[in-house]
Amino acid sequence: MDARLEELVRLLTLERLEDDLFRGASRDIGSPQVFGGQVLGQALQAAYATVPPDRAVHSLHAYFLRRGDFNAPIVYDVDRSRDGESFSSRRVTAIQHGVQIFNLSASFQKPEQGIEHQAPPPDVPPPEALHDSRALPDEILRRLPQRARHFLERTRPFEFRPVRPDDWMRADPLPPTQHVWLRAVDRLPDDETLHRSLLAYVSDYHLLHTALRPHPIAPFTGSVVMASIDHGMWFHRPPRVDDWLLYDMNSPSASGARGFTTGRLYTRSGTLVASTAQEGLLRMVPAADRN
């Protein structure tokens with residue numbers, strides 16, 4: 001397995017301290033704090049470790065309470081809220097330096113058959129016709145602040161191919177939508193728990209940036225403070241994150257220094273595997289206070 005992806009899989013493999021208490025490491029991805037998707041994926045793995053093996057997560061809702069420190073481990077405390085005949089509910093609290101930094105509610109279900117329908121996927125170019133967003137030209141990287149370069153130059157375990165790439169120094173408003181093809185950089189084991197946890201991890205990418213697109217704001221110039229506040233996710237069908245998935249995102253509203261975005265994740269064949277919703281902080285920084 002590719003070393004970057006292998007490191008991420010290890011990151012989502014938690015140490016069990018007690019029956020319902022787990023500890024996870026952290027990783028610096030170039031952001032000022034622990035990446036929200038990391039805490040989301042680890043908390044989901046902690047919850048999975050306490051549910052019957054025949055149940056899969058179908059929905060979760062999380063709140064990001066404080067910035068995480070990527071230089072310290074995170075402890076996950078799982079509350080076994082309920083185990084019914086078909087559903088299990090769990091609450092997970094993430095603790096670092098003695099305080100809560102995150103909490104998660106998740107629901108798990110036994111496989112069942114029922115009626116089915118789904119929204120159709122958008123008509124966009126295939127991933128082969130697009131460029132990897134990690135391959136930014138040197139002339140663009142040189143124009144960006146040091147913090148932005150540190151983030152964008154990091155090697156990642158996922159490949160992203162946007163239909164309409166951002167100009168990181170842009171000033172022109174764009175529609176409040178974004179379409180990004182994504183996949184893991186290498187093949188993964190046939191472990192549905194792992195694929196759902198990795199999908200939760202990668203679902204935190206790009207959502208909040210979508211809410212910036214209608215505004216003449218360049219995200220890496222220090223003009224705006226961005227942070228996830230809450231994150232919801234619904235798993236409709238089993239995903240594979242090592243095959244191409246299309247992330248279809250739309251931001252219907254921004255107000256009160258917050259941006260709201262919804263997302264849908266489709267397979268290459270057009271099957272809807274998951275939906276997301278996120279609200280995040282978008283706080284403008286006065287010019288005099290920018291780095």
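Each reported figure results from applying straightforward, stated rules to the coordinates on display, with no laboratory input. Owing to the predicted nature of the structure, the values given are computational and were not obtained by experimental measurement. FYI the Cβ positions are ideal-geometry reconstructions off the backbone, even for glycines, and counts take in every protein chain you see.
Structure values in brief
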quantity: Surrounding net charge for Phe87, when Lys and Arg each add one and Asp and Glu each subtract one, Cβ distance under 15 Å; calculated: +2
quantity: Sequence of Ser228, Ser31 once ranked by neighbouring C-beta atoms within 10 Å, starting from the fewest; calculated: Ser31, Ser228
quantity: Neighbour net charge for Ile74 - beta-carbon separation under 13 angstrom, K R +1, D E -1; calculated: +1
quantity: Net charge, Leu40 excluded, C-beta distance under 12 Å - Lys, Arg +1, Asp, Glu -1; calculated: -1
quantity: Whole-angstrom Cα spans of segment 204-244 along principal axes, big to small; calculated: 39, 23, 16
quantity: Contact order relative to length of segment 1-137, as percent, for alpha carbon pairs under 8 angstrom and 6 or more apart; calculated: 22
quantity: Least to most buried among Ile217, Ile74, Ile115 (fewest other Cβ within 10 Å first); calculated: Ile115, Ile217, Ile74
quantity: Ranking of Tyr63, Tyr205, Tyr48 by count of other Cβ atoms within 10 Å, fewest first; calculated: Tyr63, Tyr205, Tyr48
